[in-house]
Amino acid sequence: MLRCPYCESTDNVCVSTINRATINGKQRQVNYVWRRRKCSSCGEKFTTHEKSEQEWNKEKYFKMTSKRGL
C-alpha cells in the first residue's frame, strides 16, 4: 500500500490518472501511469509514477543483457 510522504498514512485516494505511453502524440519507450493522490488523513497531495509488472521485468532484462554485452 502507498504511504503518504508527509504523514505516513496509507489512507489515500487517486485524484487523477494519466497514461504516459504517449505524450503529445509521440510514442514513448517506457509505459507508466502517473497518478495524483490526496491523503485522506492530512489532506496533502502527492504524485506517483507506476509501472506494470511487465515493464519492470522488461527493464530488468535490458539491464542484465547490457551488463553481459549482448
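Just so it is clear, none of the values below were taken in a lab; they were calculated from the coordinates. A quick note: this is a predicted structure, and the numbers were derived from the prediction, not measured. Glycine gets a Cβ as well: all are built from the backbone with ideal geometry, and neighbour counts include every protein chain shown.
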Please report the net charge: other residues with Cβ closer than 10 Å to the Cβ of CYS14, K and R +1, D and E -1.
+4
If Lys and Arg each add +1 and Asp and Glu each add -1, what is the summed charge of the other residues whose beta carbon sits under 14 Å from the beta carbon of GLU44?
+3
